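Read the structure below first, then the notes.
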Amino acid sequence: MKVENIEDLKALKEKHYPLIKQRLGHRNGLGLTQIMVCSGSSCISSESQAILRELERELDDYGLKENVRVVKTGCLGFCQHGPVVMVHPGEIFYCQVKPEDVKELVQTHLIDGKLVERMLYQEDLTGRRIPSINDIHFFKAQERVVLQNCGVINPEDIEEYIARDGYFALADVILNKQPGEIIDIISKSGLRGRGGAGFPTGKKWEMTAAQDVTPKYVVCNADEGDPGAFMDRSILEGDPHSVLEAMAIAACCIGANQGYIYVRAEYPVAVERLEIAIKQARETGLLGKGLFGTSFDFDIELRLGAGAFVCGEETALLHSIMGARGEPRPRPPYPAQEGVWGKPTLINNVETYANIPIILRRGWEWYQGYGTATTKGTKVFSLAGKINNTGLIEVPMGTSLRTIIFDIGGGIPGGRKFKAVQTGGPSGGCIPEKFLDRPIDYESLKEIGSIMGSGGMIVMSEDNCMVDLARFYLEFTQDESCGRCTPCRVGTKRLLEILKRITEGQGEMEDLDILERLSLDIRDASLCGLGQTAPNPVLSTLSYFKDEYIAHVRNKACPAGVCKALLEYQVDEEKCVACGLCAKACAVGAISGEPKQPYRIDPAKCVKCAACVARCPKKAIFQGRGKEATIIENAGIFTGTGSQENRATL
Ligand SMILES: Cc1cc2nc3c(=O)[nH]c(=O)nc-3n(C[C@H](O)[C@H](O)[C@H](O)COP(=O)(O)O)c2cc1C
Ligand code: SF4
Ligand code: SF4
Ligand code: SF4
């Protein structure tokens, strides 16, 4: 159906509203069961699409297709417990469902009318099985504003978005409001850019609207290159229309007719959903020519990025959109003055845009109700690293790190001790335990040497080495530096060399001073944000974890037992029962032994893979040097941040 006026939009909303109402907990006597299958990237990678197909097949076999509907959704954020399947009515939350569980799910839940206990979420503390999503603490403790549609609607169906009041804000802007009024509302809401720098969004819109040059452009930055961050991806996968609607609103306010979404090609699901959403919006008359019967035209094209971190920087992104090399340039002129094709361009981040329609629907006063004095609204964070509930959450700005990590995130696995949290990705810093109770916003994080960035949080436990962590991030930024300016190109290389030396036991005490001085120079002299923030992981670990650097330099020891060059594997002669399993596990023949004699490891041959540790039934293999040796009970699972595999862990 083509939407030509507000009545058409209302008619579409009415059509799907009962389905959505049921998914929000209303027992509306629909006579229909809806099974929601999470189809975000994380659940897809653990076979959720096979579950979907199995469900369709089973329902067909049982002749239940009339009364049961299977629906694809975006991510609910509980990725650790995926694949997730929800059943309405009842809001029953099943987790870690496998394709082979589908038969039982259909038989028990749909035919027998009973819950499948073993697939319900099990609470860590009490061991209790919790049937309804509404009683699961992870969800109860959040405030889902931007993510309100993720997990509720089918992102591949524009009518479901409309049933959630989608495109009504756009209609109001086009039909009833002046651009100045809308920009004023955005300014009063206090919304600040979620791409990292926290620039006031209303001000940016105002600056672009004020340019007396045509044409103008609207750009969405969906590059999201920080390791460990997946907020923007989840929004695009779960609620792509909220971004399209916001871009159309922005275009109407600044006087643009063309938009571009710059999205990284490594996000194939997001790209596919965006393509579907754009096509459907065009077919429904919500993108294209003459929206809502007016003379306002607006359309959007995708531009795929090849996965360079620097292309997320706004001026580099503009170059990349125009087909040039993605290199930053000095500002001014700002994109608001000279952007795509040299014309005024508004660039905002995915999450920034996703906030817009709801602010306009619910009012700036409502939005102002969330947050701190300087930073309003909510923030989506991705939780990764050593945390029980790896996934995606949304909380009001000003929530403490302790609440995020220990309450919603469920704390550190295996009873290990918290060491630090890295916020803001490679541009951010490491925050130690003493700041866990700080309410976080842009300013409070900056005060303690980190940044909000786009919202990635990587939690580290006592098993992480902070020098190795700084080295990992420097490896990343040095790799990703575009090379245009010397402080960043050469400076990050030198920083990395020093960090490598330290982790290999070749560091000198004066290296610590050089690290600090060089970091400050790179920060002050680099052209763009990549170089300016690259030293943050070094500066913050030096500031809060200097003792670890000193241990590496003076004692040639890695207290966390991560830096391979500083480790030795030894057999505890008293514990060894000469079973020989370790020797069988060792691929390089470094272990030898005889019956009834303790086995021995030849340090010259050992490549420190820890395979023997994982194999030893007596926990008789130690890691470390002499007295500093420690037993590594979970060895073979995770040994630091340096190698390629560990990049994936982060
Ligand atoms: C190296 C670098 C990478 C960046 N990557 C992103 C990114 O992936 N996504 C993003 O929205 N902003 C990124 N930014 C910030 C953008 O330059 C820009 O500030 C942002 O897109 C503006 O949108 P906002 O005002 O809505 O935050 C990056 C900045 C730098 C310096
Ligand atoms: S700071 Fe680094 S990424 Fe930025 S322009 Fe200079 S070399 Fe390129
Ligand atoms: S750590 Fe690896 S290489 Fe070294 S002895 Fe054990 S199994 Fe062999
Ligand atoms: S596996 Fe453990 S107990 Fe067995 S020989 Fe090796 S060190 Fe000794």
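Structure notes:
- Residues satisfying the stated conditions in region 286-307, i.e. surrounded by fewer than 20 Cβ atoms within 10 Å (Cβ to Cβ), part of a loop (DSSP other than H, G, I, E, B) and not basic (Lys, Arg): GLY290, THR294, SER295, PHE296, ASP297, ALA306, GLY307
- Those residues of region 431-471 which are in a loop (DSSP other than H, G, I, E, B), within 22 Å of GLN506 (Cβ to Cβ) and within 21 Å of the chain's Cα centre (by Cα), in sequence order: ASN464
- If you go through region 266-304 and pick out every residue that is touching a Leu at 6+ places or on another chain (Cβ under 8 Å) and within 16 Å of ligand 1 (Cβ to nearest atom), you end up with 5.
- Residue match in region 394-401 (condition: of a type in the set (A, V, I, L, M) and under 19 Å from THR201 (Cα atoms)): yes
- Within region 405-450, the set of residues being of a type in the set (Val, Ile, Thr) and crowded, with 20+ Cβ neighbours inside 10 Å comprises ILE405, ILE408, ILE412, VAL421, THR423, ILE431, ILE440.
- GLN34 open to solvent by 60 Å² or more (accessible area, probe 1.4 Å) and not aromatic (Phe, Trp, Tyr): no
- Failed item in (1) open to solvent by less than 20 Å² (accessible area, probe 1.4 Å); (2) free of Cβ contacts under 8 Å to residues at least 40 places away in the same chain, with GLU548 passing the rest: (2)
- Residue that is within 22 Å of the chain's Cα centre (by Cα), in a helix (DSSP H, G or I), crowded, with 24+ Cβ neighbours inside 10 Å and within 14 Å of ligand 2 (Cβ to nearest atom), where the choices are LEU495, LEU474: LEU474
- Residue match in region 567-574 (condition: more than 10 Å from ligand 3 (Cβ to nearest atom), in a loop (DSSP other than H, G, I, E, B) and touching a Cys at 6+ places or on another chain (Cβ under 9 Å)): no
- Residue in region 112-124 that is of a type outside the set (Asp, Glu), more than 30 Å from ILE356 (Cα to Cα), open to solvent by less than 60 Å² (accessible area, probe 1.4 Å) and without any contact (Cβ under 8 Å) to a residue 24 or more places away in the chain present: yes
- The condition (being modelled with pLDDT of 95 or more, over 28 Å from LEU9 (Cα atoms) and open to solvent by 30 Å² or more (accessible area, probe 1.4 Å)) is satisfied by just one residue among ARG164, ARG129: ARG129.
- When residues of region 514-541 are limited to those that are of a type in the set (A, V, I, L, M, F, W, C) and touching a residue at least 60 places away in the same chain (Cβ under 8 Å), the one nearest to ligand 1 (Cβ to nearest atom): LEU530
- The single condition among (1) open to solvent by 80 Å² or more (accessible area, probe 1.4 Å); (2) of a type in the set (A, V, I, L, M); (3) assigned to a helix (DSSP H, G or I) that VAL538 does not meet is (1).
- Those residues of region 203-213 which are crowded, with 20+ Cβ neighbours inside 10 Å and either hydroxyl-bearing (Ser, Thr, Tyr) or more than 9 Å from ligand 1 (Cβ to nearest atom) (or both), in sequence order: TRP205, THR208, ALA209
- Just one of (1) surrounded by fewer than 23 Cβ atoms within 10 Å (Cβ to Cβ); (2) modelled with pLDDT of 95 or more; (3) of a type in the set (A, V, I, L, M, F, W, C) fails for ILE254. It is (1).
The values are calculated or read from the model by the stated rules, or taken from the named source; none is laboratory data. Small disclaimer: the values here were computed from a predicted structure and weren't measured. Positions of Cβ are generated from backbone atoms using ideal geometry, with glycine treated the same way; all protein chains shown enter the neighbour counts. The protein model used for the area step is the full one, side chains on, heavy atoms only, and it has no ligands, DNA or RNA in it. Shrake-Rupley method; radii C 1.70, N 1.55, O 1.52, S 1.80 Å.
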